[in-house]
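Heads up, the thing below is written out as structure tokens.
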Amino acid sequence: MRAVSSEQTGNDMFGLVKPWMALLQQVSSLPRIRVNLMAGAAQRNHPFFLKLTRDFHQSATRPHRKLPVVGQMEIGFSVCALNTSPYSARLESSARRNIKKALRNGYRASAIDFNAHLDAVTQIHQSTSVRQGKRLPTQLTASRQAPHQNPASQSPTHDYPYHGVFKDGTLVAYASCLVAGELAAIQTIFGHADHLPEGVVPLLIAHMGDELPLDHPDLKYFAYGSFYGATESMQRFKRKFLFTPHRVTWILGD
């Protein structure tokens, strides 16, 4: 049996610890924000929106799978702070070029009635079985999209709007967004595989970033999931659209 020196053991342990040290250093330098979900205001809306807000808060603050001392969405949540200047005007030049390409080729974005476009949504889902390197669930690609049962919001502080991109009157991309107090967080986003090279997803994100604050004046933050859980290519994509990692203190706001 080959003897293992204490020096080699120490080097091996340092090799294991080093990535964690780098991560801790990176986390310690993240900008900190407090996001108020304003659940108290949701009590004047349909009960659906209060439940949605509480469920999100519970998910955001439950112990992280790998770092149980922090909440699931408390470290590395991808956030863009909104301000008085238009969101799309602040994007990286490469993102703006994608948007201009889509507009030049006849694509247009708007808010949508999701249930009015179920056939198109189904075609979007079925246009590819793999997204971001992961195979989609069979139930998403093998069956027609069912209508949602979400009620209409009665207040601008809480909502669950859908937005989409059209080409020649046909929906080719869509996204859903949770609006809860100061937060607008993209929940789902899909583009038809044949139209992705035309910049339909960048156009959709830019449209939401510009339009959501107009419809929901309490918004302070536009968000798109976890930063550190994304692939390198997805992290680059998020940075182009100003979704950078933050340390978030979540306020339910009862």
(Q) Which numbered condition in (1) crowded, with 18+ Cβ neighbours inside 10 Å; (2) under 25 Å from ARG96 (Cα atoms); (3) of a type outside the set (S, T, N, Q); (4) without any contact (Cβ under 8 Å) to a residue 60 or more places away in the chain is the only one that ALA120 fails? (A) (2)
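Considering only residues of the range 233-254 that are charged (D, E, K, R) and not in a strand (DSSP E or B), which is farthest from PHE77 (Cα to Cα)? Reasoning before the result, please.
Initially, the range 233-254 is screened for residues charged (D, E, K, R), giving 236, 238-240, 247, 254.
If we keep only those that are not in a strand (DSSP E or B) too, we end up with 236, 238-240, 254.
Numbers: ARG236: 15, LYS238: 11, ARG239: 12, LYS240: 15, ASP254: 22 Å.
Within the range 233-254, the match that is farthest from PHE77 (Cα to Cα) is ASP254.
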Q) Here is a list of conditions, (1) of a type in the set (Ser, Thr, Tyr); (2) more than 16 Å from LEU212 (Cβ to Cβ); (3) within 21 Å of the chain's Cα centre (by Cα), and THR138 meets all of them except one; can you say which number that is? A) (3)
(Q) I need the full set of residues from the range 53-79 which are modelled with pLDDT under 80 and of a type in the set (A, V, I, L, M), in order please. (A) LEU67, VAL69, VAL70
Q: Might you check whether a residue that is β-branched (Val, Ile, Thr), free of Cβ contacts under 8 Å to residues at least 40 places away in the same chain and farther than 23 Å from ALA39 by Cβ occurs anywhere in the range 158-170?
A: no
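Listed residues THR249, THR231; which is more than 25 Å from THR157 (Cβ to Cβ), of a type in the set (S, T, N, Q) and touching a residue at least 40 places away in the same chain (Cβ under 8 Å)? Can you show your working first?
Details: THR249 fails: more than 25 Å from THR157 (Cβ to Cβ).
Among THR249, THR231, only THR231 is more than 25 Å from THR157 (Cβ to Cβ), of a type in the set (S, T, N, Q) and touching a residue at least 40 places away in the same chain (Cβ under 8 Å).
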Q | Some residue of the range 150-157 being within 21 Å of LEU82 (Cβ to Cβ) and of a type in the set (A, V, I, L, M) | A | no
Q: Only residues that are touching a His at 6+ places or on another chain (Cβ under 7 Å) and farther than 14 Å from ARG239 by Cα: list them for the range 77-109, please.
A: ALA109
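The values are calculated or read from the model by the stated rules, or taken from the named source; none is laboratory data. This one's a predicted model, so the numbers in the text were calculated from it and none came from an experiment. As a convention, Cβ positions derive from the backbone with ideal geometry for all residues, glycine included, and neighbour counts pool all protein chains shown.
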